Each structure stands twice: as C-alpha cells, then as structure tokens.
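Written out below as structure tokens is the structure these notes cover.
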Amino acid sequence: LSGFTLSQGCSWGFHAGNSHDINGGGAWCDFGAVIDACIVATNWAWTGGGGVWGGILRNSLVRDNWAYDSGGGSRYGTINQCTMVGNTSGHGGGVCQCIVDNSIICLNGNNNSDSSFRYCATAPAQEYQWEPSILNWIGNIVVDDPHFVDANNGDFRLNTNSPCIDRGNNDLVWGEIDLDKNPCVGFGTVYMGAYEAQYSVWYWAWVAGLTNGLTYY
C-alpha cells in the first residue's frame, strides 16, 4: 500500500481467534505486507497497534494513534525511515516489540517498549533487546525534541537545527523516495525520519547569513 492516508480506523470488536478484530486500528498487516509513503493518523485499537499491527512500515508518518494495551503507533512491525509522534498506549505509545531503523520515535506517550533500534532518535534509550538477530542500540541518539518545522500545525519535516539531520545510515535505506517524493538520500547521509531535505544543512546556514538577498555578512 503506497501513497494513502489511513485515518479514523478502529479495531474494537472481538471474535475468538481473529486478532484483526482487536489489533491494527489503521492497518492489520499479514506477514510481508508493506505500507510505504503513507500517513497513518488518528486510529484506535483495543489490544495493540493503534496505527499499524505487523508488516513493514517505511517512509511514513504515524501520528496521533491510540491503543489501549500496547503499540500506539505500531506493534510487531518493522519500521524504516518513519516519523512517529503523538501516539499513546499503555506500553510503547510509539512502538512496542518492533524493529526500528533510521526513524524518529519521539513525543509519544510511553515512547517505546521492548523494541530494537538502529540509527534512530528516541527517548529514553531502550535497553531491552527483543529481536536477538538485530544488534540493539547502534547509532542512536536520545532526543526529547527533534526540532520539527512546525509540529503544532502538522509539519514534521526537520528544522535546520535538528539533531536528526545526517544521522541515519545509508546502508539501511529502503526505497528511493521519501514521504515528499524526494530522493531518500538528498545530500550525503540520510536523515532520520520520513522527510529528507534536498539541501545540505550548510546551505541553509549560508542562506540564513544573507542580507538583502545579495550580500553575506
């Protein structure tokens, strides 16, 4: 599934043996299913995965989802180059029991639980290694504020002072375009999260120093 917005979904019923009835408010994914370049927002689930349950989630924004038990943003997912903010749950408001690379998992209630991270921004540092085949806590940074452009108005691109700039790992990049349909690696090293700027941070520093559009001071 690529290029969609999944919103106002709800998994709240219960039938014995059907986990999709109570998990995955936005999407319930079978093994190998991929959600790419999507926005998953304001969904609900009773047990887990308020946004997404399972599957592979990449180059996507997951925001303001809720799960009663665990994984407000995602549970049992493989997360790559995603931004997950404003999600809430009893355990792991952002992610629970997920494998996470090149992503921003910040500003969620109970931010993370029982997940493995590589080259991610989150807080607090997650020490528990849920998936033994993945080396845990490599290249990560503990971040309370990723410095989004305008989070209050839904702009989760990175400001030029963000600690998440150039902090991802190019070897872990999946796909060729980000959520804005720009190249995933715009300049040198991939950013953490779903949005990749197409100019070096040094370019923006130079622009900020221009006066009257002509001179540099």
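The values are calculated or read from the model by the stated rules, or taken from the named source; none is laboratory data. Keep in mind that this is a model prediction, so the values were computed, not measured. Glycine gets a Cβ as well: all are built from the backbone with ideal geometry, and neighbour counts include every protein chain shown. These accessible areas exclude ligands, DNA and RNA; they are computed on the full protein's heavy atoms, side chains included. Shrake-Rupley method; radii C 1.70, N 1.55, O 1.52, S 1.80 Å.
A few comments on the model shown:
- Flag for Leu57 being of a type in the set (A, V, I, L, M, F, W, C), in a strand (DSSP E or B), under 21 Å from Gly193 (Cα atoms) and open to solvent by 10 Å² or more (accessible area, probe 1.4 Å): no
- Residue satisfying condition, being among the hydroxyl-bearing types (Ser, Thr, Tyr) and modelled with pLDDT of 90 or more, within set Ser162, Ser133: Ser162
- Of the listed requirements (1) open to solvent by 10 Å² or more (accessible area, probe 1.4 Å); (2) closer than 12 Å to Ala27 by Cα; (3) among the hydrophobic types (A, V, I, L, M, F, W, C); (4) free of Cβ contacts under 8 Å to residues at least 40 places away in the same chain, Ile39 misses just one: (4).
- Of the strands (runs of 3 or more DSSP E) lying entirely inside region 75-115, those carrying at least 1 residues that are of a type outside the set (Lys, Arg), open to solvent by 10 Å² or more (accessible area, probe 1.4 Å) and touching a strand residue (DSSP E or B) at 6+ places or on another chain (Cβ under 9 Å) are 78-80, 88-91, 99-101.
- Tally of residues being over 13 Å from Arg167 (Cα atoms), open to solvent by 10 Å² or more (accessible area, probe 1.4 Å) and either part of a strand (DSSP E or B) or among the charged types (D, E, K, R) (or both) across region 116-125: 0
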